[in-house]
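Asks: Next up is a structure, given as structure tokens.
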Amino acid sequence: MTVTWEELGWERVAEGVGRCRLPGWDCTAGLVLGAGTALMVDAGSSLAEGARLRTEAQALAGRRVTHLALTHPHFDHVFGAAAFAGAALYAVAGAEAVLAHGREELRLDAIRNGLPAPEAEEATDTLPCPRHPVSGERTLDLGDGRRALLADVGPGHTPHDLAVIVPGDPQAGPDAVPSRWPAALDRLLALGGDRARYVPGHGAVVDAAFVRAQRDTLAARFGVS
């Protein structure tokens with residue numbers, strides 16, 4: 001039986017990519033599906049929440065979570081990490097020192113923000129340290145052409161901010177004509193203009209800037225002007 005994103009309360013962002021909003025601090029957790037792989041983005045605010053995310057991710061992926069990326073070392077994003085035993089753990093270089101040596105401050109911050117003390121203590125006692133630090137950029141090959149770019153974009157929200165970018169091309173079948181696609185989008189933009197809203201056959205409504213960026217990506221990929 002196939003489980004859909006919507007049945008589990010997740011939002012499908014793109015093919016094989018989804019996210020959910022967690023209760024309490026309204027944090028986002030993400031999931032990127034590959035071929036025999038599954039990348040989880042952030043782990044929730046407690047071991048119990050991490051276990052729930054792991055169960056839902058496995059139901060959506062049909063396999064265990066193989067990779068876990070932590071976007072920054074705040075308790076509400078990392079305290080569920082121990083629930084993903086066996087997953088390769090990624091974070092910005094330097095975050096591992098925060099998670100290894102700043103556990104007491106993380107515990108106290110969690111309690112100040114309303115996490116029950118026993119849950120905070122359990123999470124800090126079992127919190128794993130990332131073994132795959134990201135400096136600059138690092139690309140994960142998730143199989144079957146699916147890649148995820150991990151990028152060190154901080155300091156900003158914290159000194160150790162990680163962004164996860166999942167590149168993708170427009171959905172196409174064997175009858176697509178990639179060499180002519182940029183010209184088709186040029187024609188569409190000329191007809192609709194910069195203030196139009198564009199409604200695709202699949203996916204969300206977009207603006208002219210999105211269409212233009214997609215046009216440029218296709219042109220670069222297929223070597224056309």
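The values are calculated or read from the model by the stated rules, or taken from the named source; none is laboratory data. What you are looking at is a predicted structure, and each value in this text was computed from that prediction instead of being measured. With ideal geometry, Cβ positions are generated from the backbone for all residues, glycine too; neighbour counts draw on all protein chains shown. When the accessible area is computed, the model is the full protein with side chains, heavy atoms only, and any ligands, DNA or RNA have been set aside. Shrake-Rupley method; radii C 1.70, N 1.55, O 1.52, S 1.80 Å.
Asks: Restricting to the stretch 54-82, what's the tally of residues that are closer than 27 Å to His160 by Cα, in a helix (DSSP H, G or I) and of a type in the set (Ser, Thr, Tyr)?
Replies: Looking only at that region, the number is 0.
Asks: Take the residues in the stretch 151-179 that are touching a residue at least 24 places away in the same chain (Cβ under 8 Å) and more than 27 Å from Gly30 (Cβ to Cβ); name whichever of them is surrounded by the fewest Cβ atoms within 10 Å (Cβ to Cβ).
Replies: Ser179
Asks: Kindly provide the set of residues from the stretch 50-85 that are surrounded by fewer than 23 Cβ atoms within 10 Å (Cβ to Cβ) and more than 16 Å from the chain's Cα centre (by Cα), ordered by number.
Replies: Ala51, Arg52, Thr55, Ala59, Gly62, Arg63, Arg64, His74, Ala82, Ala85
Asks: Please state which one of Ala148, Ala120 is surrounded by 13 or more Cβ atoms within 10 Å (Cβ to Cβ), among the aliphatic types (A, V, I, L, M) and more than 17 Å from Leu89 (Cβ to Cβ).
Replies: It is Ala120.
Asks: Name the single residue, out of those in the stretch 197-218 being assigned to a loop (DSSP other than H, G, I, E, B) and free of Cβ contacts under 8 Å to residues at least 60 places away in the same chain, that is nearest to the chain's Cα centre (by Cα).
Replies: Ranking the qualifying residues of the stretch 197-218, first place goes to Ala204.
Asks: Which residues, taken from the stretch 28-49, are in contact with a strand residue (DSSP E or B) (Cβ under 7 Å, 6 or more places away or on another chain), of a type outside the set (Gly, Ala, Ser) and open to solvent by less than 30 Å² (accessible area, probe 1.4 Å)?
Replies: Leu31, Val32, Thr37, Leu39, Met40, Val41, Asp42
Asks: Scan the stretch 196-212 and give yes if some residue there is among the acidic types (Asp, Glu) and open to solvent by less than 50 Å² (accessible area, probe 1.4 Å), otherwise no.
Replies: Checking the stretch 196-212: not a single residue is among the acidic types (Asp, Glu) and open to solvent by less than 50 Å² (accessible area, probe 1.4 Å).
Asks: Oh, and also: Just give me the residues in the stretch 1-21 being part of a strand (DSSP E or B), modelled with pLDDT under 90 and either touching a His at 6+ places or on another chain (Cβ under 7 Å) or open to solvent by 60 Å² or more (accessible area, probe 1.4 Å) (or both), in sequence order.
Replies: Selection gives Val13 alone.
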